[in-house]
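The values are calculated or read from the model by the stated rules, or taken from the named source; none is laboratory data. Just so it is clear, the structure is predicted and the values come from calculations on it, not from any experiment. So basically every Cβ, Gly included, is an ideal-geometry build from the backbone, and we count neighbours across all protein chains shown. Areas reflect the complete protein model, heavy atoms only, side chains present, ligands, DNA and RNA absent. Shrake-Rupley method; radii C 1.70, N 1.55, O 1.52, S 1.80 Å.
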Amino acid sequence: MQVITKKSDILQVVEGLKKEGKTIGLVPTMGALHAGHASLVERAVKDNDVCFVSVFVNPTQFNNKEDLAKYPRTLERDTALLTSLGASYVFAPAPEEMYSEEEMQQTFAFDFGGLDAVMEGKMRPGHFNGVVQVVSRLFYLVRPDRAYFGEKDFQQLCIIHYMVERSALKDTFGSLQIIDCPIVREQSGLALSSRNERLSADGKRLAVNISRILFESKDRICSEPCSCADSESAVLTEQQRVIDEVNKIEGLEVEYYEIVDATTLLPARSFNNAIGCITVWCEGVRLIDNIRYK
Ligand code: PAF
């Protein structure tokens, strides 16, 4: 496996692979890799001739400087894992290699068709501009046939689908396919996240309640035999119940829980095609998770 840090080197390598007719899979990451990332890489290795993994803590998607500074950086460990998984290339540029001074100031603005007006987009202004800025640049450099993203960041996944399939930029991505990959959880149910590394053992025990409460919510709704319970007011009641149950646990604080339509991300009017997305603070760490209802 080769580690590349320069854009010019990536362009050259990709040009060679394209000439040979190789298919390319890309897994964009911010490093601090865990089994969730490993599942994306395994899939990309299986589906394509060549697998690229980017490891880049993208400064333009952080609206909180402290969060950026504290984000775990473990490149040596990451490259060892990626070698064992069979990845072909790691792209790990420095921020100044990726962006000019001006670009670093987040001047990039993108039309998200309204998908950014809720949840993460509302709470983290500029976040998705930064995500689209870096992901579109990675697509331009690596020219993948397939790119792999986890469903844990569900809103991010919707926005990337929108960018590639419906936005004004869509023609620049050719036949690129976005591949959705399921959330990977610990046995306890806790969704894997690089941010979990910042939790103490007690914090982790507390955080397990998030997925427990989400699974219980799904069971309650999906075992409900009466369709009259499947209304807008039933959705709002369930939404509040989840918020109250998480907030009842000392040490956890819900930032939002929204049950939305999984296509439009607008408030769900029933549980059909609905997804509940949650953000919870635990020991100063912002954790996200989600659950599909019907
Ligand atoms: O999901 C992430 O880790 C990041 O948002 C991504 C897609 C790698 C862009 O920096």
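Taking the stated definitions as given, is Pro72 part of a loop (DSSP other than H, G, I, E, B), within 18 Å of Leu138 (Cβ to Cβ) and out of contact with any Pro (no Cβ under 8 Å at 6 or more places or on another chain)?
Details: part of a loop (DSSP other than H, G, I, E, B): yes; within 18 Å of Leu138 (Cβ to Cβ): no; out of contact with any Pro (no Cβ under 8 Å at 6 or more places or on another chain): yes.
No, not satisfied.
For the range 146-175, the set of residues classified as surrounded by fewer than 19 Cβ atoms within 10 Å (Cβ to Cβ), over 13 Å from the mean Cα position of the chain (by Cα) and outside any helix (DSSP H, G or I) consists of Arg166, Ala168, Leu169, Gly174, Ser175, listed by residue number. Applying the selection to the range 43-73, what residues are more than 10 Å from the ligand (Cβ to nearest atom), touching a Ser or Thr at 6+ places or on another chain (Cβ under 9 Å) and among the polar types (S, T, N, Q)? Correct list: Asn48 only.
Do we find that Arg143 is surrounded by fewer than 22 Cβ atoms within 10 Å (Cβ to Cβ), on the phi > 0 side of the Ramachandran plot, out of contact with any Cys (no Cβ under 8 Å at 6 or more places or on another chain) and in contact (Cβ under 8 Å) with a residue 60 or more places away in the chain in this structure? It would help to see each step written out before you state the result.
Values: surrounded by fewer than 22 Cβ atoms within 10 Å (Cβ to Cβ): yes; on the phi > 0 side of the Ramachandran plot: yes; out of contact with any Cys (no Cβ under 8 Å at 6 or more places or on another chain): yes; in contact (Cβ under 8 Å) with a residue 60 or more places away in the chain: yes.
Answer is yes for this residue.
Selection within the range 179-205: residues that are surrounded by fewer than 19 Cβ atoms within 10 Å (Cβ to Cβ) and part of a strand (DSSP E or B). The member of this set that is farthest from the ligand (Cβ to nearest atom) is Arg185.
Checking each residue in the range 35-56 for being part of a loop (DSSP other than H, G, I, E, B) and surrounded by fewer than 17 Cβ atoms within 10 Å (Cβ to Cβ) picks out only Asp49.
Taking the conditions exactly as written (part of a helix (DSSP H, G or I), under 24 Å from Ile183 (Cα atoms) and not hydroxyl-bearing (Ser, Thr, Tyr)), does Phe128 satisfy them or not? Spelling it out, Phe128 is indeed part of a helix (DSSP H, G or I), under 24 Å from Ile183 (Cα atoms) and not hydroxyl-bearing (Ser, Thr, Tyr).
Going by what's in this entry, would Ala87 be described as in a loop (DSSP other than H, G, I, E, B), away from the ligand (no atom under 14 Å from the Cβ), aliphatic (A, V, I, L, M) and open to solvent by less than 50 Å² (accessible area, probe 1.4 Å)? Spelling it out, Ala87 is indeed in a loop (DSSP other than H, G, I, E, B), away from the ligand (no atom under 14 Å from the Cβ), aliphatic (A, V, I, L, M) and open to solvent by less than 50 Å² (accessible area, probe 1.4 Å). Of the residues making up the range 263-294, those that are among the aliphatic types (A, V, I, L, M) and either closer than 13 Å to Glu120 by Cα or in contact (Cβ under 8 Å) with a residue 60 or more places away in the chain (or both) are Leu265, Leu266, Ile275, Ile278, Val280, Val285, Leu287, Ile288, Ile291.
Mind listing whichever residues of the range 229-248 are out of contact with any Leu (no Cβ under 8 Å at 6 or more places or on another chain), farther than 15 Å from Cys282 by Cα and in a helix (DSSP H, G or I)? Steps first, answer last, please.
Kept after step one, since they are out of contact with any Leu (no Cβ under 8 Å at 6 or more places or on another chain), are these residues of the range 229-248: 229-241, 243-245, 247-248.
Applying the additional criterion that residues be farther than 15 Å from Cys282 by Cα yields 229-241, 244.
Ala229, Glu232, Ser233, Ala234, Val235, Leu236, Thr237, Glu238, Gln239, Gln240, Arg241, Asp244, listed by residue number.
Across the range 24-42, the number of residues qualifying as away from the ligand (no atom under 14 Å from the Cβ) and closer than 20 Å to Val14 by Cβ comes to 2.
Just name the residue that is surrounded by the fewest Cβ atoms within 10 Å (Cβ to Cβ) out of those in the range 90-118 that are in a helix (DSSP H, G or I) and either of a type in the set (Phe, Trp, Tyr) or free of Cβ contacts under 8 Å to residues at least 24 places away in the same chain (or both).
Here the residue is Glu101.
Among the residues making up the range 13-34, those that are surrounded by fewer than 18 Cβ atoms within 10 Å (Cβ to Cβ) and under 18 Å from Gly86 (Cα atoms) are Lys22, Thr23, His34.
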